[in-house]
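For reference, the structure is listed below as structure tokens.
The values are calculated or read from the model by the stated rules, or taken from the named source; none is laboratory data. All figures in this text were calculated on a predicted structure; none of them were measured in a lab. Glycine gets a Cβ as well: all are built from the backbone with ideal geometry, and neighbour counts include every protein chain shown. Ligands, DNA and RNA are excluded from the accessible area calculation, which covers all protein heavy atoms including side chains. Shrake-Rupley method; radii C 1.70, N 1.55, O 1.52, S 1.80 Å.
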Amino acid sequence: MLAVESLRFSYRRRDSGDELFDGLTHQFTPGAVTAVRGASGRGKSTLLYLLGLLLTPRAGSVTIAGERVDALPDVRRSEIRATMVGFVFQAAELNPRRSVLDSVTEPAIYAGHALGPVRERARALLEAFGVGERADHRPGEISGGQAQRVALTRALVCDPAIILADEPTGNLDRDNARIVIDALRVTAHGEHSAGGTDRLGESHLRTVVIATHDPFVVDHADEVLDL
Ligand SMILES: Nc1ncnc2c1ncn2[C@@H]1O[C@H](COP(=O)(O)OP(=O)(O)OP(=O)(O)O)[C@@H](O)[C@H]1O
């Protein structure tokens, strides 16, 4: 579903000798959480940007759902990104002036989705991640762990097949990291991992890739890619 082959990338010109990935080839398993691990500067965040079509490889390919996507025209890459990829970053970056529900739904509304179904789906996701009762609060009134679950809801609201998370537990204590990794596992597996009571109401698998330094996240991932 999501794969890279013979991947090379550099932020600089060709002869500067700071190339990343050394021809990396990897297939990410649908339905699994893959932790991307590596020392600072190895390119964990950069790999997510390449997978999410925000950057273009210097050499090699990125494939999504069987289609080679790295060399497509920008407009097509944007379409694929908007429909197939959701991003979660270290800081949830919710709009402090809007309610949690509005923060979650606004990007989807701007992307042209109908308000009613988006709000319904957002409420169901917030509920599934245990933050349903916070939907009408302001982001300043929720905890860091809750904010990350809200950010994950925002990434999922258009139902992407791929979630790319960059240090999603970087600002969290252990208890909140556990809750967020659980939510990411639910997202990948299509069901709740803790007891099976709180379901997303969806059974399809997603590919979840997490760039992380956190050994706790690595321990709870299904697969690990070392850079
Ligand atoms: N916009 C940029 N322009 C030039 N070089 C960059 C840029 N972004 C990152 N780099 C360099 O590319 C390399 C990979 O960066 P990246 O952020 O992907 O690594 P990382 O493994 O995620 O690091 P960290 O664990 O510190 O977040 C680093 O050497 C970094 O300095």
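Here are the numbers for this structure:
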| item | result |
| --- | --- |
| Enumeration of residues in segment 172-187 that are in contact with a Ser or Thr (Cβ under 7 Å, 6 or more places away or on another chain) and open to solvent by less than 10 Å² (accessible area, probe 1.4 Å) | Ala177, Val180, Ile181, Val186 |
| Criterion (under 30 Å from Pro107 (Cα atoms) and of a type in the set (S, T, N, Q)) met by exactly one of Ser6, Ser40, Ser10, Ser78 | Ser78 |
| Matching strands (runs of 3 or more DSSP E) fully within segment 1-62 where at least 1 residues are aromatic (Phe, Trp, Tyr) | 2-9, 20-28 |
| Residue check, Pro30 more than 12 Å from the ligand (Cβ to nearest atom), touching a residue at least 60 places away in the same chain (Cβ under 8 Å) and within 17 Å of the chain's Cα centre (by Cα) | yes |
| Complete set of residues in segment 152-171 that are part of a loop (DSSP other than H, G, I, E, B), within 16 Å of the ligand (Cβ to nearest atom) and open to solvent by 10 Å² or more (accessible area, probe 1.4 Å) | Glu167, Gly170, Asn171 |
| Residue match in segment 6-19 (condition: more than 16 Å from the ligand (Cβ to nearest atom) and open to solvent by less than 60 Å² (accessible area, probe 1.4 Å)) | yes |
| Selection count where residues are away from the ligand (no atom under 13 Å from the Cβ) and open to solvent by 10 Å² or more (accessible area, probe 1.4 Å), scope segment 42-56 | 1 |
| Matching residues, segment 90-112, being assigned to a loop (DSSP other than H, G, I, E, B) and surrounded by 17 or more Cβ atoms within 10 Å (Cβ to Cβ) | Gln90, Ala92, Leu94, Ser99 |
| Candidates Gly130, Gly140 - the one that is free of Cβ contacts under 8 Å to residues at least 60 places away in the same chain, surrounded by fewer than 23 Cβ atoms within 10 Å (Cβ to Cβ) and among the small types (Gly, Ala, Ser) | Gly140 |
| Residue within segment 66-78 that is outside any loop (DSSP other than H, G, I, E, B), in contact (Cβ under 8 Å) with a residue 24 or more places away in the chain and among the aliphatic types (A, V, I, L, M) present | no |
| Filter pass, Asp22 being modelled with pLDDT under 90 and in contact with a Lys or Arg (Cβ under 8 Å, 6 or more places away or on another chain) | no |
| Filter result for Ala39 (open to solvent by less than 50 Å² (accessible area, probe 1.4 Å) and within 14 Å of the ligand (Cβ to nearest atom)) | no |
